[in-house]
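Participant: My questions will all concern the structure given below.
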Amino acid sequence: MWFTLHRHRNLFWSAASQKYNDGFVVEFVDGQMPGRLISATKLGTDFPGGVMIDQADNLLLIDQNKTSIFVYAPPYTRRPFKTIVLKGNSLYCALGLRQVRLYCMDVQYGSVDAYTYPGGDYVYSYNDGMQAGSAIGIAIQPPIP
């Protein structure tokens, strides 16, 4: 399960259902119950990773099996309008402060891969001392004011 908080105080949760063998995202408006299933994000038998919200309120959902990030426009009821193809399997990504770079923890190749955002073009990788399959999370520290 992965969580992200929306700037409007909505909480998004991605998870996989072992019982039904599918992935999905649930939105909790104002962080309150009950949550609502965002049906456009159902991934069939694929396995969801982390979720993010960009400055335009687009929902970014990582698909670990397809090495992709699907980008959904609000209110998240339609199919993704964009797919960003990743170099390897990622569980979690992070957007830089200005959201011109997207950094993904590539567990398949043991690296952090940087992409342009919103374009999704691969830029470079960090891989010194990392091992494939060892890391699952990533965060970006904002600059000191």
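Participant: Being under 27 Å from Tyr124 (Cα atoms), surrounded by 13 or more Cβ atoms within 10 Å (Cβ to Cβ) and at pLDDT 90 or above is the requirement here; does Leu60 meet it? Even if it seems obvious, please write down each step before you answer.
Facilitator: Values: under 27 Å from Tyr124 (Cα atoms): yes; surrounded by 13 or more Cβ atoms within 10 Å (Cβ to Cβ): yes; at pLDDT 90 or above: yes.
For Leu60, the condition - under 27 Å from Tyr124 (Cα atoms), surrounded by 13 or more Cβ atoms within 10 Å (Cβ to Cβ) and at pLDDT 90 or above - is met.
Participant: Does region 1-37 hold any residues that are part of a helix (DSSP H, G or I) and either among the acidic types (Asp, Glu) or modelled with pLDDT under 80 (or both), and which are they? Quick ask: steps written out before the conclusion?
Facilitator: Residues of region 1-37 that are part of a helix (DSSP H, G or I), as a first pass: 29-31.
Listed by number, the list holds a single entry, Asp30.
Participant: Let me ask you something else. Out of the residues in region 90-130 meeting the condition of being closer than 17 Å to Asn65 by Cα and aromatic (Phe, Trp, Tyr), tell me which one is surrounded by the most Cβ atoms within 10 Å (Cβ to Cβ).
Facilitator: Taking the candidates together, the pick is Tyr92.
Participant: Now for a separate question. Among (1) among the β-branched types (Val, Ile, Thr); (2) within 26 Å of Arg9 (Cβ to Cβ); (3) within 13 Å of the chain's Cα centre (by Cα), where does Val85 come up short?
Facilitator: (2)
Participant: Here's something else I'd like to know. Residues being in contact with a Phe, Trp or Tyr (Cβ under 9 Å, 6 or more places away or on another chain) and free of Cβ contacts under 8 Å to residues at least 40 places away in the same chain: count how many of those fall in region 41-57.
Facilitator: Total meeting the criteria: 3.
The values are calculated or read from the model by the stated rules, or taken from the named source; none is laboratory data. Remember, it's a predicted structure, so these values are computed and weren't measured experimentally. Cβ coordinates were reconstructed from backbone atoms using ideal geometry, including for glycine residues, and neighbour counts include every protein chain displayed.
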